[in-house]
Structures are given as structure tokens and as C-alpha cells.
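Below: one structure, written as C-alpha cells.
The values are calculated or read from the model by the stated rules, or taken from the named source; none is laboratory data. Please read these numbers as outputs of a predicted model, since none were measured by experiment. Here the Cβ positions follow ideal geometry from the backbone for every residue, glycine too, while neighbour counts run over all protein chains shown. Note: areas computed on protein heavy atoms with side chains; ligands, DNA, RNA excluded. Shrake-Rupley method; radii C 1.70, N 1.55, O 1.52, S 1.80 Å.
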Amino acid sequence: MGKDTVTIIDNSTGKSIEVPIKRGTHGPPLMDIGKLYQELGMFTYDPGFVATGSCESKITFIDGEKGILLYRGYPIDQLAEHSSFLEVCYLLLYGELPLDNELTNFEDMITHHTMLHEGLKDFYSGFRRDAHPMAVMVGVVGALSAFYHDSLDIRNPTHREISAHRLIAKLPTIAAWAYRFSRGEPFAYPKNSLSYSENFLHMMYSFPSEDYEINPSAAKALDLIFLLHADHEQNASTSTVRLAGSSQANPFAGISAGVGALWGPAHGGANEAVINMLSTIGDVSHIDKYVKKAKDSNDPFRLMGFGHRVYKNYDPRAAIIRKACYDVLEDMKVDDPLFDIALKLEEIALKDDYFISKKLYPNVDFYSGIIQRAIGIPTNMFTVVFTIGRCVGWISQWNEMTADPAMKIGRPRQLYVGHAKRDYVPIHHR
Ligand code: ACO
């Protein structure tokens, strides 16, 4: 076997360097080009990070060709079948599945951090009632750093752990209150007798004036949605959290940056965009027209919920959530015409050469909106539900980075293509 290096030659000067290859547990090897600038005076160019690793991580692995997703080594389908969201939170944060008492203590810890500082309540009245709930999420999550000064020392592992617990615990409360505020309804306080997902449903829908019965199918489906969204290695929002955190900003500030990045329709906002698209399509008889639009390179329309930067086979989360869709709709006796349109659209697109050749398959967002509709979650809250699930991934990745004494501020370089150096011209001479 040859050396574990790659030789990079600059043909314009004849200079060359050997760069070491880094190999992980799974996945393609990476060239370590850290010395490239020093030795060859060059940067690398890769907009969109199509072939660039930004960190080492032990948390999540994706094989996009084979449709594999592992959290700490465990396949997503096994976790979806046997585990729960809070057990997965423990796994992502601490690296191993919990023992019985560890899980009980963790659940207890999260349950006892779900209340918000009363002062945070006043923030809501500063928003317009018609604000998008993601706008409220960005604001209130960022504002946590103004309320929890006792856990902001990022070099202190205990502080990092408390911040992680607080974020996982408080996000459902922040999210449910964003919804209640938009409707002019009273905020419902968390109830410690309920599970994580039950509690979210309780805070979304209960009223002080009457009892609210939680539908167990809805709570189970929500738990699955949270679990499937819990982490996805270095996606746009996670990379945002890492980059913001690399400046040693506090975790609440970093996570609110991640919430902002998740909001976009090319990322977490896609679940909302899928339902809007299916509603616009309106009937299975109109599908062909929209598939044609999606294939037209002069038309900006895309099939929302289709395609993924990494998955070039099936998104394994989509396979799980597709099946859950059938179960939830049946359990909750919901007949949703949008589900029929979604199934037909998937069938037509998967047989179409355009989608086959570009390896465009349904992603997790294609179906998650349909389940959320069945539970009664309004469309503009879909990305908020994604945020609640993904928070543990963000905080685990942030913790992994911050715990590393070699952490460096993230600082990409650029190819400058603006004006060459020129002299200032006083205004009366321009
Ligand atoms: N509908 C139609 N054509 C598409 C779609 C789509 N949904 N997605 C990609 N394509 C086409 C592109 O036009 C492009 O065609 P070209 O090669 O002729 O130019 C080709 O497929 C490659 O697409 P890119 O946008 O270059 O791929 P990229 O990896 O940058 O984008 C993305 C991935 C953003 C997810 C894209 O597929 C997309 O916009 N999908 C719809 C939005 C969506 O569902 N996002 C959720 C992602 S999953 C998540 O965040 C949880």
C-alpha cells in the first residue's frame, strides 16, 4: 500500500505538497489541507461546502448513497422503532444509551426545566400577533441569554450541560407560547406529570377553563417527528450554530442563529412549503402540470420536499415517516386529500427520468407536514416543531466543539473578484 497522502501539484509553478489523508470510522477520507496556504500560497474554493469537511465529529453519520443515518452509531430505523425522543437526546448529548436510572434522572431533569423565567413572558407582547412563529423563536431563544447568566461560561462543562438541559426543556414552552400569543389565547404552563411530547400538546391546546385530553397517537407521532429530526450532522443550521459558537458566543446566542438558518425553505422551512405546494396543486389531476414546471430550468418552481444535498438514494427518515403517516391518519381517523396528492406526486416523480437522473427523492419534510396537519398543528408551526427536535443536535454539536481545547474560530476565506485597488475620488471630481 502507498503512503496515506495526496500530492497536490501547482502546474503553474511546479511546486507541490503532500497533504495527509484523514480517515474516519465510516465515509470517504478527507484531505487535510490546513498547510496548503502556507506551502503553496493558495486557498481552496468550494461554495456550498459540496466536498468540504468542516470538523471532526463523533455524533452522527450519514451515507447519502446508501441512505444510512446513524446517531452515535445506532441506525435511525432501530431508534425510531425502539427508542424515544428523550432517550435519543441523552444518546446524542452523552454518547451512549442511558441505563434505566440515567434515563429517569435525565427525563426528570428536562421536565423540571420546562418553565420559563416569568420576565420572558413580557417579550411576547412586543411581537405583532401576525408574526411568523419562527421570528418569535429566533427572538425568544436569543433572549434566553439575557435571563440565564448563571450558565454562560462556555469553558465550564457543568454550565454547558445546564444550558443544554434548559434549551431542550424550554423550547417546547417557547414554541407553544408563540402559537398561543398569535391567537390571543392564555399561555398554558408546563405540567410535570406529562411526557415531553404530551406536554407540548398540552401547552399548545389546553385552556384553563376546561380539561384537555391528550390523544396518545398524536403524542407518539410527535415524539417520532422530534426523534427523526434530532440531528443530521453538518447541515446548514448546525454549521451555523458551530460557526456562531466558534467565536465563543454563548449557547443561547448560537442556537438562535441556528433557528434563523433552519427557517429557510431550502432547509427546515421545506415542511411548511410542501403543504403550501400540495394545497396549490389542489388535485391529483393537476400534478403533471407541476411536475413539468419543476423540470423546466426557466421556472423557479421546485418540488418542495424533494432532493437533498447528501441523500442521493432514499432519505431513511422519509421511509419511516411515510409509514407513520399511514398509521397516524388511520389512528386519528383523518382523511386528508393532501396525503393522496403527496402519494401520487411521489409515484409520478419517482418514475420520471428528470428526478431519477438527478437522484431526487422525497426527503423527511415531504411527509412530516402531513402528520403535523393530522395532529392539528398549524402550517406555520411546522418548522417550529422541527426546531424543537433539532435543538438537541445543535447543542450536542456545539458542546462537542466547545469541549475541544483546540477549538478555533471559524473563518472561511474567499475569492475576491471586486475592483482592483483604486484611489478615492473626492465627491466634486466624480
Ligand atoms: N425539484 C426540482 N428540481 C430539483 C429539486 C426539486 N426539489 N431539487 C434539486 N433539483 C435540481 C436542480 O434544479 C439541479 O438541476 P441542474 O443540475 O439541472 O441545475 C439539480 O437538481 C441539483 O440541485 P441543487 O439545488 O444544485 O442541489 P443542492 O444539493 O444544492 O440542493 C436542496 C439540495 C436545497 C435540498 C434542493 O434539492 C431543494 O431545493 N429541494 C427542495 C427544498 C427541500 O425540500 N428542502 C429540504 C431539504 S431536507 C432538510 O433540510 C430537512
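At a 10 angstrom cut-off on C-beta neighbours, averaged per residue, how do the peptides 92-99, 139-146 rank from highest to lowest?
Highest mean packing first, the order is 139-146, 92-99.
Check which residues have an amide H placed less than 5 Å from residue 306's amide H, if you skip close sequence neighbours.
363
Taking every eigenvalue of the Cα gyration tensor of the range 374-430, multiplying by 5 and rooting it, what semi-axes result, largest first, whole Å?
Here the semi-axes work out to 45, 25, 9 Å.
If I take R0 = 25 Å and measure r between the Cβ atoms of residue 331 and residue 81 in this structure, what FRET efficiency does the formula 1/(1 + (r/R0)^6) give, to the nearest 0.05?
Efficiency at R0 = 25 Å is approximately 0.90.
In Å and whole numbers, how far do the C-alpha atoms of the range 274-326 stretch along each principal axis, longest first?
31, 26, 16
What order do you get for 205-211, 101-107, 79-85 when each peptide is scored by the mean count of other beta carbon atoms within 10 Å, highest first?
Descending mean neighbour count gives 79-85, 101-107, 205-211.
Run the dipole for the range 296-430 about the Cα centre, Lys and Arg Cβ at +1, Asp and Glu Cβ at -1, nothing else charged, and hand back the magnitude in debye, nearest 20.
1000
Over the chain, what relative contact order in percent results from Cα pairs under 8 Å that are six or more residues apart?
With pairs under 8 Å counted, the relative contact order is 20 percent.
Among 26, 267, 419, which one shows the biggest mean-square fluctuation in a GNM of the chain, springs joining Cα atoms closer than 10 Å?
Evaluated over the chain, the most mobile residue of the options is 419.
Per the Kirkwood definition applied to all pairs of different Cα atoms, how many angstroms is the hydrodynamic radius of the range 335-382?
Evaluated over the range 335-382, this radius sits at 11.8 Å.
Per 0.36 nm of contour for each residue apart, how much would the distance between residue 209 and residue 283 grow if the chain were fully extended, relative to their Cα-Cα spacing?
Gain on stretching residue 209 to residue 283: 22.6 nm.
For a protection proxy built on the mean count of beta-carbon atoms within 10 angstrom, sort 154-167, 36-49 highest first, please.
My ranking of the peptides, most packed first, is 154-167, 36-49.
Take the Cβ-Cβ distance between residue 353 and residue 49 as r, set R0 to 35 Å, and report the resulting FRET efficiency rounded to the nearest 0.05.
In this case the efficiency is close to 0.75.
Kindly provide log₁₀ I(q)/I(0) values, in the same order as q = 0.10 Å⁻¹, from the Debye equation applied to equal alpha-carbon scatterers of the range 11-104.
For the range 11-104 at q = 0.10 Å⁻¹, log10 I(q)/I(0) is -0.44.
Normalised by the number of residues in the range 201-351, what is the relative contact order in percent for Cα pairs under 8 Å and 6+ residues apart?
After rounding, I find 22 percent.
For helix 196-205, report the angle its Cα long axis makes with the longest principal axis of the Cα atoms of the chain; keep it between 0 and 90° and round to the nearest 10°.
The angle comes out at about 60 degrees.
With springs only between Cα atoms under 10 Å, which of 337, 20, 251 fluctuates most in a Gaussian network model of the chain?
Comparing 337, 20, 251 in a Gaussian network model of the chain, the most mobile one is 20.
Rounded to the nearest 500, what is the chain's calculated 222 nm mean residue ellipticity when only DSSP H runs of at least 4 contribute -39500 (n - 2.57) each, over all residues?
Only helices count here, giving -15500 deg cm²/dmol.
Residue separation times 0.36 nm, minus the C-alpha to C-alpha distance between residue 94 and residue 185: what's the value?
That pair, residue 94 and residue 185, stretches by 29.0 nm at full extension.
For residue 404 and residue 149, what is the calculated FRET efficiency with R₀ set at 35 Å and r taken between the beta-carbons, to the nearest 0.05?
That pair, residue 404 with residue 149, gives E of 0.90.
Describe numerically, in nm with one decimal, the distance between label points set 7 Å from Cα along Cα→Cβ at residue 21 and at residue 298.
Label at residue 21, label at residue 298, 4.7 nm between them.
Given a 1.4 Å probe, how much area per residue of the range 350-400 is accessible, in Å²?
Averaged over the residues of the range 350-400, the accessible area is 27 Å².
How far, in degrees from 0 to 90, does helix 100-111 lean away from the longest principal axis of the Cα atoms of the chain, to the nearest 10?
With both axes taken from Cα atoms, the answer is about 80 degrees.
Please turn the phi angles of the range 64-75 into ³J(HN,Hα) values with the Karplus equation 6.51 cos²θ - 1.76 cosθ + 1.60 (θ = phi - 60°), one per residue in order, whole Hz, x for glycine and proline.
So the J values, rounded to whole Hz, are x, 6, 8, x, 10, 9, 10, 9, 6, x, 8, x.
Which residue, 148, 194, 30, has the largest displacement toward the positive end of the dipole of the chain when charges sit on each Cβ (Lys, Arg +1; Asp, Glu -1)?
30
Explain nothing, just the number: dipole magnitude of the range 176-300 about its Cα centre with +1 on each Lys and Arg Cβ and -1 on each Asp and Glu Cβ, in debye rounded to the nearest 20.
Dipole of the range 176-300, to the nearest 20 debye: 320 debye.
So if I place +1 on the C-beta of Lys and Arg and -1 on the C-beta of Asp and Glu, and nothing else carries charge, what would the dipole magnitude of the chain be about its Cα centre? I want it in debye, nearest 20.
Around 1820 debye, computed over the chain.
Show me, for the range 3-8, the HN-Hα J-couplings you get by feeding each phi into the Karplus relation (A = 6.51, B = -1.76, C = 1.60, θ = phi - 60°), rounded to Hz, glycine and proline as x.
For the range 3-8, the Karplus curve yields 6, 8, 9, 10, 9, 10 Hz.
Hey, which aspartates and glutamates would be in cross-link range of residue 358, C-alpha to C-alpha under 19 Å, not counting anything within fewer than 8 residues on its own chain?
Residue 358 reaches 63, 65, 288, 296, 299, 315, 346, 347.
Provide, as a two-decimal number, the C-alpha radius of gyration of the range 93-201 over 2.2 N^0.38 Å, N being how many residues it has.
Rounded to two decimals, the normalised Rg is 1.14.
Starting from the Cα gyration tensor of the chain, multiply each eigenvalue by 5, take the square root, and state the resulting semi-axes largest first in whole Å.
Calculated on Cα positions only, the semi-axes equal 37, 29, 24 Å.
Work the Kirkwood hydrodynamic radius out for the range 289-403: mean of 1/r over every pair of different alpha-carbon atoms, inverted, in Å.
15.8
Compare the Cα positions of 238, 308, 19 along the charge dipole of the chain (+1 at Cβ of Lys, Arg; -1 at Cβ of Asp, Glu; about the Cα centre) and return the one farthest towards the positive end.
The one lying farthest along the dipole's positive direction is 19.
Angle between the Cα long axis of helix 216-228 and the longest principal axis of the chain, 0 to 90 degrees, nearest 10?
10
What part of the accessible area of the chain, given as a whole %, is carbon or sulfur when the probe is 1.4 angstrom?
Summing carbon and sulfur atoms, their accessible area is 53 percent of the total for the chain.
For the range 1-145, compute the number of Lys pairs whose alpha carbons are separated by less than 15 Å, excluding pairs fewer than 8 positions apart on the same chain.
4
Per residue, how much space in cubic angstrom lies within the convex hull of the C-alpha atoms of the range 246-344?
Cα convex hull per residue, to the nearest whole number: 154 Å³.
State the answer as a single residue: which of 71, 105, 49 lies farthest towards the positive end of the charge dipole of the range 1-116, with beta carbon charges of +1 for Lys and Arg and -1 for Asp and Glu, about the Cα centre.
49
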